[in-house]
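Colleague: Below you'll find the structure I mean.
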Amino acid sequence: MTTYGSKATRFGFGEGLAELGAQDERIVVLGGDITGSVLTSLFKEKFPDRFFSMGIAEQNATTVAAGLALSGKVPFFASYGAFCALRNADQLRISVCYNEANVKIGGGHSGISVGPDGATHQILEDIALLHALPHMTLVVPCDYLEAKKATIAIGQMIGPAYIRFGRESTPMFTTEETPFRLGKGEVFRQGNDLAIIACGPMVWEALVAADELAKEGIQARVINIHTIKPLDEEIIAEAARECGAIVTAEEAQIIGGFGSAVAQAVVKNHPVPMEFVGVTDTFGGSGTPTELMKAFGLTSGDIYNSAKKVLMRRSGQWNGFQRMTEVGMEGQHPQNYPKPGVVFPIEELIEADRQAAAEQTA
Amino acid sequence: MPFTNERHSPEKLDEIAREIRRDIIRSLVVAKSGHSGGPLGSADIFAVLYMGGVMNYDPHDPAKPGRDRFILSAGHMCPVLYATLANAGFFPKSELLTLRKFGSRLQGHPGRDMHLPGIESSTGSLGQGLSIAVGMALSDKLVDRNDARVYALTGDGELQEGSIWEAVMSAAHYGLDNFCMIVDNNDCQIDGRVPDVMNIYPLQKKFESFNFHVIECDGNNTAELLAAFDEAKATKGKPSCIIARTYMGNGVSFMQDKYEWHGKPPSEDQAKVALEELG
């Protein structure tokens, strides 16, 4: 697949929602103050009568949405995922999911790529929480156009749903012709040596890694799983049987996240060695999106390394606990980026202050 | 030389607030992202809190037992807190230029994991800082039984968070007269004017009905702020709430009272103009 430019998935959500508003009069949207950021502003401009500002009050907005749904409306509430997936977790669990209320939540600015806002605003645990909630449908689109299709699709289905999207521009590579069916994964690249199963913008990184691997004669199957719940177990089991090794990739916590969901399906159907690319039980931090994706091991290079590891495990060359150097493999994309933590030289900064003070008195 | 926490005159505090505002502009223009409006608008409150002899703290021993604490519940306003702490000598002023950079102790929203001296709690998910401050005040007054005071600043839009009122109820329930919350009342939030997005008024009656001692003042007037903090300190038996009316972006003419400046930094050209205006 090739790219044709880049655009943030949040625009797919905002535009899809506005389109949905024209299709269905029952669609109402609740605003959580940051409507311009999560692009519910596009709906607001077109349908001001069906837009309700709820202020900075996600717990209340979620519960009001449940009430609207129980009254026959199809409410969408969107905010940063940090505040509309975890802050309102109990409201989602009881008022939305237990009620089977037809509420749609848009979780914006997801993943580490939000950048300088830092850990508080980088939601990494939404996948883990939301796919544990009964009745919840969880969708993580891979690019702008898929986000648009997915938004329309969850608006047309009945039941609670959450769509996860990002702030930063990411490559656009699906087209109008690319199939999209809720609950169905798609093979984006054929191959039988191993399978890379990814969600969200990590699908593109997986395709890049597969091209790198192909240069060495390794043909990786790349599977896009946009619906994490209900999960397409069939396509995963088939990949396990036919490829015999799997790498998952996500911009979220691996623990309880997408990798865990895929692992469950693999273990249940056809156990094979697996490696996981994602955030490893740590909080995010400030930085540019590119710096952070590198530092947290979320690049195509990291997927490449994990692919090599999983193949070595399958052939018995590596037991998974040795250092890569011990088995004669350093990884072509060494992960020697600065790790999260304080990197500025505090002593030098103190000295700079001293000099500035001395100059002032002189 | 850092300013000290002895009581400075209102005139001196105005000068300190101007320096804090200049530092906010300097750090934001380098960061290329972050919040301008709230930090500039509340610089006078921070100058008075830290340099008006209001809070008891030691920048060289930031974890000193029995110290007064400050929690920035409106975590996105951290540029003003960072600038104030640097001016008070908690850490080098040059570090302000690392704001929001990878590996900086000056995270986009305060992160306790970075161990920046003077940061008592991670904040940024609105409403939660106020509850944390209530917990600290409870610990000081009813567990440790010391004289330490706890201050917390919230935005006015932040009062829309339901959990704010749970925190307020609990502070009043325990008669936490060592607890003082400050509302940065600039009437601006990202989507527009506060009463348009979700009305929070009348504020004074709300807090009074929760059994708070309410003090209203001009939050851009250091003399009024000094008097307000004195009154809060002298209040016994109930917590205080200072409703400080401020102008978002105060001190920079093109940002003044414009909610559009809530969440963006100045460009280099705009920063030059702002620094000129701030002297």
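Colleague: Under the condition of being touching a strand residue (DSSP E or B) at 6+ places or on another chain (Cβ under 9 Å) and farther than 15 Å from A:ALA119 by Cβ, which residue from the range A:86-97 is nearest to the other protein chains (Cβ to nearest Cβ)? Steps first, answer last, please.
Modeller: If we filter the range A:86-97 for residues that are touching a strand residue (DSSP E or B) at 6+ places or on another chain (Cβ under 9 Å), which is where we start, we get A:86-88, A:92, A:96.
Adding the requirement that they be farther than 15 Å from A:ALA119 by Cβ leaves A:88, A:92, A:96.
Working: A:ASN88: 10, A:LEU92: 15, A:VAL96: 17 Å.
Filtering first and then ranking leaves A:ASN88.
Colleague: Applying the selection to the range B:64-74, what residues are under 20 Å from A:ALA119 (Cβ atoms) and more than 11 Å from chain A (Cβ to nearest Cβ)? Spell out how you get there, then give the answer.
Modeller: Applying the first criterion (under 20 Å from A:ALA119 (Cβ atoms)) to the range B:64-74 yields B:71-74.
Passing the criteria: B:ILE71, B:LEU72, B:SER73.
Colleague: From the list A:GLU250, A:GLU212, A:GLU233, A:GLU275, which one is over 23 Å from A:GLY81 (Cα atoms), surrounded by 20 or more Cβ atoms within 10 Å (Cβ to Cβ) and acidic (Asp, Glu)?
Modeller: Answer to the selection: A:GLU275.
Colleague: Now for a different question. Going by the conditions given, is A:PHE13 of a type outside the set (A, V, I, L, M) and assigned to a strand (DSSP E or B)? Can you show your working first?
Modeller: Values: of a type outside the set (A, V, I, L, M): yes; assigned to a strand (DSSP E or B): no.
Against the criterion (of a type outside the set (A, V, I, L, M) and assigned to a strand (DSSP E or B)), A:PHE13 does not qualify.
Colleague: For the range A:226-319, give me every one of the strands (runs of 3 or more DSSP E) that falls completely inside it and has 3 or more residues that are of a type outside the set (A, V, I, L, M, F, W, C) and touching a residue at least 24 places away in the same chain (Cβ under 8 Å).
Modeller: Answer list for the range A:226-319: A:246-253.
Colleague: Among the residues of the range B:168-180, which ones are small (Gly, Ala, Ser), surrounded by fewer than 24 Cβ atoms within 10 Å (Cβ to Cβ) and not in a loop (DSSP other than H, G, I, E, B)?
Modeller: Answer for the range B:168-180, where residues must be small (Gly, Ala, Ser), surrounded by fewer than 24 Cβ atoms within 10 Å (Cβ to Cβ) and not in a loop (DSSP other than H, G, I, E, B): B:SER170, B:ALA172.
Colleague: Looking at B:GLY135, B:GLY129, can you tell me which residue is under 30 Å from B:GLY175 (Cα atoms), more than 8 Å from chain A (Cβ to nearest Cβ) and crowded, with 24+ Cβ neighbours inside 10 Å?
Modeller: Only one candidate qualifies: B:GLY129.
Colleague: Kindly list the number of the only condition in (1) of a type outside the set (Gly, Ala, Ser); (2) more than 13 Å from B:ALA88 (Cβ to Cβ); (3) surrounded by fewer than 17 Cβ atoms within 10 Å (Cβ to Cβ) that fails for B:VAL29.
Modeller: (3)
Colleague: Okay, next question. Which residues, taken from the range B:155-167, are within 13 Å of another protein chain (Cβ to nearest Cβ), buried (at least 20 other Cβ atoms within 10 Å of the Cβ) and more than 15 Å from the chain's Cα centre (by Cα)?
Modeller: Listed by number, the residues that qualify are B:GLN160, B:GLU161, B:ILE164.
Colleague: For the range B:39-60, indicate whether the set of residues that are within 13 Å of another protein chain (Cβ to nearest Cβ) and among the hydrophobic types (A, V, I, L, M, F, W, C) is non-empty.
Modeller: no
Colleague: Looking only at helices (runs of 4 or more DSSP H) that lie completely in the range B:186-279, which have at least 2 residues being of a type in the set (Lys, Arg) and either crowded, with 16+ Cβ neighbours inside 10 Å or modelled with pLDDT of 95 or more (or both)?
Modeller: Working: elements: B:194-197, B:203-209, B:222-234, B:268-277.
Qualifying helices (runs of 4 or more DSSP H): B:203-209.
Colleague: Given the conditions (1) in contact (Cβ under 8 Å) with a residue 24 or more places away in the chain; (2) surrounded by fewer than 21 Cβ atoms within 10 Å (Cβ to Cβ), and given that A:ARG87 satisfies all but one, which numbered condition is not satisfied?
Modeller: Only one criterion is unmet by A:ARG87, namely (2).
Colleague: What tally of residues in the range A:185-203 results from selecting those that are more than 24 Å from A:GLY297 (Cα to Cα), under 17 Å from the mean Cα position of the chain (by Cα) and assigned to a loop (DSSP other than H, G, I, E, B)?
Modeller: Number of matching residues: 1.
Colleague: Just to be sure I understand, how many residues within the range A:275-287 are at the interface with another protein chain (Cβ under 7 Å from one of its Cβ atoms) and of a type outside the set (Phe, Trp, Tyr)?
Modeller: At the first step, the residues of the range A:275-287 found to be at the interface with another protein chain (Cβ under 7 Å from one of its Cβ atoms) are A:283, A:285-287.
Add one more test, that the residue is of a type outside the set (Phe, Trp, Tyr), and what stays is A:285-287.
Total meeting the criteria: 3.
Colleague: I've got another one for you. Take the range B:75-119 and flag every residue that is more than 7 Å from chain A (Cβ to nearest Cβ), out of contact with any Cys (no Cβ under 8 Å at 6 or more places or on another chain) and assigned to a loop (DSSP other than H, G, I, E, B). Quick ask: steps written out before the conclusion?
Modeller: Step one: list which residues in the range B:75-119 are more than 7 Å from chain A (Cβ to nearest Cβ), which gives B:76-91, B:96-97, B:99, B:106, B:110, B:112, B:115-119.
Retained after the next criterion (residues that are out of contact with any Cys (no Cβ under 8 Å at 6 or more places or on another chain)): B:76-91, B:96-97, B:99, B:112, B:115-119.
Of everything in the range B:75-119, those that are more than 7 Å from chain A (Cβ to nearest Cβ), out of contact with any Cys (no Cβ under 8 Å at 6 or more places or on another chain) and assigned to a loop (DSSP other than H, G, I, E, B) turn out to be B:ALA88, B:GLY89, B:PHE90, B:PHE91, B:LEU99, B:HIS115, B:LEU116, B:PRO117, B:GLY118, B:ILE119.
The values are calculated or read from the model by the stated rules, or taken from the named source; none is laboratory data. Everything numeric in this text was worked out from a predicted model, so none of it was measured. Note: ideal-geometry Cβ built from the backbone for every residue, glycine included; neighbour counts use all protein chains shown.
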